[in-house]
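Remarks on the structure that follows.
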Amino acid sequence: MRLTSKRFQALGVAAVLGTATTLGLGGCGGGESPSADAAGATGSGLEPQAVADMLHAVMAADRKVYVANVVNRLTKVQDVQIRDPETGEMKKLKGSEEWDQTFGTLPLPAQQFRYGSEEAFKKNNNFEYGLISSWSINKKHMPKSDFEKEKIKAMEETGKPQYGTEEVGGETFFVAMYPDRATAKACWDCHNKHKDSPKTDFKQDDVMGGIVIRIPV
Amino acid sequence: MSFWAGWAAWAVVVAGLTGYLYLALTGEDQTLFLPGETTAGHYQIELLCTACHGTNEDGTVGEVMQSACIDCHQEELDRIGDSHPIAKFAKSTDALMLAPFDQDFSSAMVKSAFCIACHVEHDPEVTRPMGVSEPESMCMACHSDIGENRETHTGLAFTTCLTAGCHNFHDNGALSESFLTKHMHDRNHKPEAEAVRPLRNYGEIYRAEQADYGTPVVALTRADMDAPRNRTFDDSVIAEWESTAHARAGVNCTDCHNQEDEETGRIVWRDQVNYQSCQDCHKDEAHGFLKSRHGMRIDAGLDPMRPELARLEMKASSHGKLMNCNACHGAHTYDTLHAATNSCLECHDDEHSRNFVNSTHHELWLDEITGKAAAGTGVSCATCHLPRVPSDVAGDDRVYVKHNQNDYLRPNEKMVRSVCMSCHGVPFALDALADEDLILANFDAPPKKPHFNPSSFDLITQKLERLEARGRRGDD
């Protein structure tokens, strides 16, 4: 059963404030910061766009912190070497899609983001979020609906967040799409070298994809 | 027939039907109310509707509880790193892709995170192996473009996706591309010195702990027995206990036989020991047992499983045996070597089990138990299906026997990492596990054909060659 729009708004705000407080984070990660008056508070609660902007602020901040302070710092800045317990040889610490089955590897930033999305879904399946890209390594993360395909083009061209409403399965969603940029060497290095990557010339600050948030309205 | 004889016959029929209905409603056997045959995973508990279903306010059987699925299965899904957690389909656009494959409700159920979206029960006509009720083409819902995205997969039929050695839906731990790439040149057999399973170490850990606590373990003899004086025992029972790790670790009679009386809360001596006594010390083993095919009835609050209730072939001589800890471990001997093979073969009578004695694995097992080979080099039934696995138990690196054989059974590729790779290379193991005849023969010979043609390793080789031809590196 879905929550009513107002209940959802209240929940969304509480979730955002709660998470932001817990993590002690503020500001926005590798994406654009929407202007404060893009969608403001109304007398009866927050508009979906305001909720989405706040959710995105938390998501992008967490993403930036993980990429910069964990993955990039350990694998690129410090170039950490670890001893493989099976072979006894020293090897480079790196991110790996199979981090959970491979000794001494870190979850990839895209996985870390997806796991967060899956955990959030377990707690509350009234909103959805995820990463999409025109050049995703996992083809399941390409834009799917006509709406996503149209908006991602506009986002890639302008570098600005895109908003709109879309009907999926008889349900109407407010959809927000925020540019996800290459913020650290770990981002473009991995994507440019990955054998399944369709694009091999990403550079710093390029829009590599987008964070999509859907809120039923 | 006279008028009264007709009435009498009618009365007998009505009384008979009423009696039948009364017994069906109130009796132990509720088979009449099963809407259809259950799957191999659930038939043991099928007559306890509330094991999976909720109860409506009026007392009737309600909807399936997702929590029932989670209680039994989530632990394994978390451990293996589920490739398709239900939350992966959380986005409406994902759930919608499943709509064409609905039987009647899948996409909505997936969106609501219900396992029964793909695992409908009581419907044997649409149920395939692993209790999957979605059609064989289900992978196409999301992966119909695989041929465009992966040149190596162009032209492959959807019926081949879940071919042994290629892909599983939930557990791809031994089937991911990078894992297979890393192991594609593995040798068939590891060198003898490396082909060893880890050994149980609970005894060592327990002794070290007790020494730390200032109460070092002292081995017990019959002079130390603390059973009540009014109990008499056959000498063989005492001799059996004296010979066990229990006596050597200071585990006395009352440690197992003294139990809390549920009604009075007082500690009383019980001749019959149940799993609760065992789990005081063997918590993780008991947990696995309760989730296993052997213990799931006890876990659901039913009588223990008995071999004659099984759908698998069981020996008639085993009928009546109650599947509790003692069924495999014996009442006082606790002989783990016996439990590792003989206990299994006392009941199991299918072709794979019967052929164990013809296998190379069995030869290795005989060498180990007769002292010709080192401990950990033999292969018993338990080595593969109830394996000793290093685990983090309360901060200790403990090797203990995983008693839930579901984790090491089907789909059998799930055994590759945790078991087969101890001794075999990955290509060898995948080929062997894909060969149904070889499984029935209990691996009496090396596999003679690849798990599929082209094999996963052929496809990886093709891909790497294409990348190289394009001057691309092979990072993942």
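The values are calculated or read from the model by the stated rules, or taken from the named source; none is laboratory data. All figures in this text were calculated on a predicted structure; none of them were measured in a lab. Cβ coordinates were reconstructed from backbone atoms using ideal geometry, including for glycine residues, and neighbour counts include every protein chain displayed.
Per-structure values
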| quantity | calculated |
| --- | --- |
| Any hit, segment B:142-149, residues being of a type outside the set (A, V, I, L, M), under 17 Å from B:Lys88 (Cα atoms) and within 14 Å of chain A (Cβ to nearest Cβ) | yes |
| Residue in segment B:443-458 that is within 18 Å of B:Cys381 (Cβ to Cβ), surrounded by fewer than 19 Cβ atoms within 10 Å (Cβ to Cβ) and either of a type in the set (Ser, Thr, Tyr) or away from chain A (no Cβ under 14 Å) (or both) present | yes |
| Count of residues meeting criterion [assigned to a helix (DSSP H, G or I), in contact with a Ser or Thr (Cβ under 7 Å, 6 or more places away or on another chain) and not hydroxyl-bearing (Ser, Thr, Tyr)] in segment B:383-431 | 2 |
| In segment A:115-166, residue surrounded by the most Cβ atoms within 10 Å (Cβ to Cβ) [restricted to those that are small (Gly, Ala, Ser), outside any helix (DSSP H, G or I) and away from chain B (no Cβ under 11 Å)] | A:Ser133 |
| Any hit, segment A:203-210, residues being under 25 Å from B:Ala141 (Cα atoms), away from every other protein chain (no Cβ under 14 Å) and modelled with pLDDT of 95 or more | yes |
| Residue check, B:Leu302 aliphatic (A, V, I, L, M), surrounded by fewer than 16 Cβ atoms within 10 Å (Cβ to Cβ), under 21 Å from the mean Cα position of the chain (by Cα) and not in a helix (DSSP H, G or I) | yes |
| In segment A:167-190, residue surrounded by the fewest Cβ atoms within 10 Å (Cβ to Cβ) [restricted to those that are within 19 Å of A:Val67 (Cβ to Cβ) and touching a His at 6+ places or on another chain (Cβ under 9 Å)] | A:Ala182 |
| Which listed residue, of A:Thr200, A:Thr172, is farther than 27 Å from B:Arg150 by Cα, within 14 Å of chain B (Cβ to nearest Cβ) and polar (S, T, N, Q) | A:Thr172 |
| Residue within segment B:46-54 that is in contact with a Lys or Arg (Cβ under 7 Å, 6 or more places away or on another chain), surrounded by 14 or more Cβ atoms within 10 Å (Cβ to Cβ) and outside any loop (DSSP other than H, G, I, E, B) present | no |
| 3 or more residues in contact with a helix residue (DSSP H, G or I) (Cβ under 7 Å, 6 or more places away or on another chain): qualifying helices (runs of 4 or more DSSP H) within segment B:136-237 | B:140-143, B:146-149, B:177-183 |
| Leading residue by the ranking (nearest to the other protein chains (Cβ to nearest Cβ)) among those in segment A:177-196 that are closer than 17 Å to A:Phe113 by Cβ and not in a strand (DSSP E or B) | A:Cys190 |
| Which listed residue, of B:Ala95, B:Ala87, is touching an Asp or Glu at 6+ places or on another chain (Cβ under 6 Å), modelled with pLDDT under 85 and on the phi < 0 side of the Ramachandran plot | B:Ala87 |
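The rows are residues; the columns are (1) in contact with a helix residue (DSSP H, G or I) (Cβ under 6 Å, 6 or more places away or on another chain); (2) closer than 20 Å to B:Gly330 by Cβ; (3) crowded, with 18+ Cβ neighbours inside 10 Å.
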| residue | (1), (2), (3) |
| --- | --- |
| B:His246 | no, yes, yes |
| B:Asn252 | no, yes, no |
| B:Glu263 | no, no, no |
| B:Ile267 | no, no, no |
| B:Ser277 | yes, yes, yes |
